[in-house]
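Asks: Please find one structure pasted underneath; my questions will follow.
Read-outs: derived from the displayed coordinates by stated rules, not from any lab. Note that the structure is a prediction, hence the values are computed from the model and not measured. Neighbour counts are summed over all protein chains in view; Cβ atoms, including those assigned to glycine, are modelled from backbone coordinates with ideal geometry.
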Amino acid sequence: MGKYQGYEKYKASGVEWLGEIPEHWKRSVFRYYFDIQLGKMLQNEPQSENDEEISYLKAIHVRWDKVDTDNLPKMWASPRDKKKYQVKNGDLLISEGGEVGRTALLKELQEDSIIQNALHRVRPLSQSSVEYLNYLMRHIADTGWFDILCNKSTIAHLTSEKLGALALPLPPLDEQEKIARFLDHKTKQIDELIAKKESLIEKLDEKRTALISHAVTKGLEPNVPMKDSGIEWLGEIPEHWEVKRVKFLIQNLQQGSSPLASNIPAQPDELGVLKLSAISRGNFIRHENKALKQTDNLINSLSLKHGDVLLTRGNTPKLVGDACVVPQDEPNLLISDLIYRIRVKAPVILPSFLGKFLITPQARSEIEADARGSSGSMVKVSQRHILDWLITVPPKSEQQKIIDYLNQKTSEIDQPKAKIQKAIELLKEYRTALITNAVTGKIDVRQVPIP
């Protein structure tokens, strides 16, 4: 990789996902160098007088590169279980289910805690470094090997047996530690660059949102007479505009279905069902779909046409109700169970105007107030609430002028944003490649100075 040199001699590893490794490295098995402890099954009630409540970590708390330790839930555990399943800073946590193999080092734990049985706790035995293993697990996940190992066509589980039998490349301990320190330093530099660029994107998004919000609630003419809308969150609007409920502006509000689908996008000649990620801040992202394994005659009722307004029915509180407009007919793409398809009354409102209004802060106040759910991480909006939402309605000709203006102005924002996003993608690709090459011995970092 550019300025980094490889090792002098290599040998075959005999491992499918690994290829050749430096001649002095070992090819070994996980359980010989690391202790594995699967967590405790959830216990909601005490089972003896000695049981006590204790905080616990579950799979959702483990993200790549970070373990969330704030506001941990509690379960009951015996003194023996507390000792057996206890975790401490420096432990490596690996997801047993969900995104199998997702790994992070525990660094910021402030209270006595244990792990639930969706996590493995990993500690080094001898001549091994969990810091090196942390990066190696990221590389293995990127190869897709965990999906193969865990048969992800069904419910995936990375059992203790499968994890323990995993083949690993192992340099000498001092070299493992040097690789981990090198990657800590380099990934920190890359992450700081990415964070700066993401901050620029946030500023552009804020500018874009403010532009759209003003245009669809106040219009384009600065000196037009205004009137009180009578709605606290909307304020004044142009005197000749109206405010109407969604139910008077649309001809159809359709919820999708959840047919059996694969985890890969549909080919152009295949049927696909949209994922929630197909709708993003007013943008329709076509490739965010899953190929269908069955159709059940859904295509006629749930497919997409030019001008359909899509709205997410369920998501996190900040993302539920996200909207976009379909830019062209998509007869092979269907809406999923968590997406609504809205078809407007053409004489009254433009789909693009409704779509723009739904992503404004004013509309978000309606959406978030109506979102319901027992889980803080997933809420939904009902058709009943959507039909009662209030929308500004200028004359049709003025709607078109507003949309033409916004298309021009948002394009001026979107172009530099796209360049920044491309730069972020390249940085992430470089980060991944650097980790891969370091933990598999494609580059020799032993003599690389680290500040």
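Asks: Sum up the charges of everything whose Cβ sits under 13 Å from the Cβ of GLU45, counting Lys and Arg as +1 and Asp and Glu as -1, but leave GLU45 out.
Replies: Neighbour charge sum, excluding GLU45 itself: -3.
Asks: Report, to the nearest 10°, how far helix 173-218 tilts away from the longest principal axis of the Cα atoms in the chain, using its own Cα long axis and a range of 0 to 90°.
Replies: Computed tilt is about 10 degrees.
Asks: Then there's this: Would you mind calculating the relative contact order of the chain from Cα pairs under 8 angstrom and at least 6 residues apart, reporting the percent as a whole number?
Replies: Relative contact order, the chain: 16 percent.
Asks: Sorted by packing (mean other beta-carbon atoms within 10 Å per residue), highest first, where do 429-440, 26-37 land?
Replies: 429-440, 26-37
Asks: Using a Förster distance of 56 angstrom, determine the FRET efficiency expected from the C-beta separation of ALA418 and SER48, and round it to 0.05.
Replies: Result of the calculation: an efficiency of 0.40.
Asks: What list do you get for HIS157, HIS287 if you sort them by fewest beta carbons within 10 Å?
Replies: HIS287, HIS157
Asks: Also, I was wondering about something else. Where does helix 130-143 land angle-wise versus the long Cα axis of the chain, in degrees 0 to 90, nearest 10?
Replies: Value to nearest ten degrees: 50.
Asks: Antiparallel DSSP bridges in the chain: what percent, to the nearest 5?
Replies: Taking every DSSP beta bridge with both residues in the chain, the antiparallel ones total about 90 percent.
Asks: Assigning unit charges at the beta carbon (Lys, Arg +1; Asp, Glu -1) and nothing else, what dipole magnitude in debye, to the nearest 20, does the chain show about its Cα centre?
Replies: So the dipole magnitude of the chain works out to roughly 520 debye.
Asks: Packing-wise, with mean Cβ within 10 Å as the measure, how do 267-273, 350-356 rank, highest first?
Replies: Descending mean neighbour count gives 350-356, 267-273.
Asks: While we're here: Run lengths n ≥ 4 of DSSP H only: what is the helix-derived mean residue ellipticity at 222 nm for the chain, with -39500 (n - 2.57) per run over all residues, to the nearest 500?
Replies: Calculated from helices alone, the mean residue ellipticity at 222 nm is -11000 deg cm²/dmol.
Asks: Along its three principal axes, how long is the stretch 230-375 when you only count alpha carbons? Whole Å, largest extent first please.
Replies: 51, 38, 21
Asks: Post the alpha-carbon centroid distance, the stretch 1-34 to the stretch 69-90, in whole angstrom.
Replies: 36
Asks: A further question on this structure: Just need the relative contact order of the stretch 171-273 here, percent rounded to a whole number, with Cα pairs under 8 Å and 6+ apart.
Replies: Relative contact order, the stretch 171-273: 12 percent.
Asks: Roughly how many nanometres apart are two label points built 7 Å out from the Cα toward the Cβ at GLU242 and ASN89?
Replies: It is 6.3 nm.
Asks: Can you give the translational diffusion coefficient of the stretch 343-390 in µm²/s, computed by Stokes-Einstein from the Kirkwood radius over Cα pairs at 37 °C and 0.692 mPa s?
Replies: Stokes-Einstein gives a translational diffusion coefficient of 273 µm²/s.
Asks: Order of 122-129, 93-100 by packing, highest average Cβ count within 10 Å first?
Replies: In decreasing order of mean packing, 122-129, 93-100 become 93-100, 122-129.
Asks: Nearest 10 degrees is fine. How inclined is helix 396-439 to the longest principal axis of the chain, computing both from alpha carbons?
Replies: In the chain, helix 396-439 runs at an angle near 0 degrees to the longest axis.
Asks: Scattering from the C-alpha atoms of the stretch 1-116 alone, worked out with Debye: what is log10 I(q)/I(0) at q = 0.22 1/Å?
Replies: Values returned for q = 0.22 Å⁻¹ are -1.21.
Asks: Taking the number of other C-beta atoms within 10 Å as the exposure measure, put MET75, MET378, MET137 in order starting with the fewest.
Replies: MET378, MET75, MET137
Asks: On a 30 Å Cα-Cα criterion, which of the cross-link pairs LYS107/LYS197; LYS11/LYS84; LYS196/LYS356; LYS318/LYS345; LYS197/LYS396; LYS66/LYS293 come out too long?
Replies: The pairs that break the limit, which is 30 Å between Cα atoms, are LYS11/LYS84; LYS197/LYS396; LYS66/LYS293.
Asks: Something else now. Shape verdict for the stretch 315-359, please, from the Cα gyration tensor: rounded (a/c under 1.5), prolate (a/b greater than b/c) or oblate.
Replies: It comes out oblate by the Cα gyration axes.
Asks: In terms of the ratio Rg/(2.2 N^0.38 Å) built on C-alpha atoms, what value belongs to the stretch 270-342?
Replies: 1.01
Asks: For the stretch 372-451 and the stretch 186-209, compute the distance between their C-alpha centroids and round to whole Å.
Replies: 11
Asks: While we're looking at this one, here's another question. To the nearest 0.05, what FRET efficiency results for SER257 and ASP65 with a Förster distance of 25 Å applied to their C-beta separation?
Replies: Between SER257 and ASP65 the formula returns 0.10.
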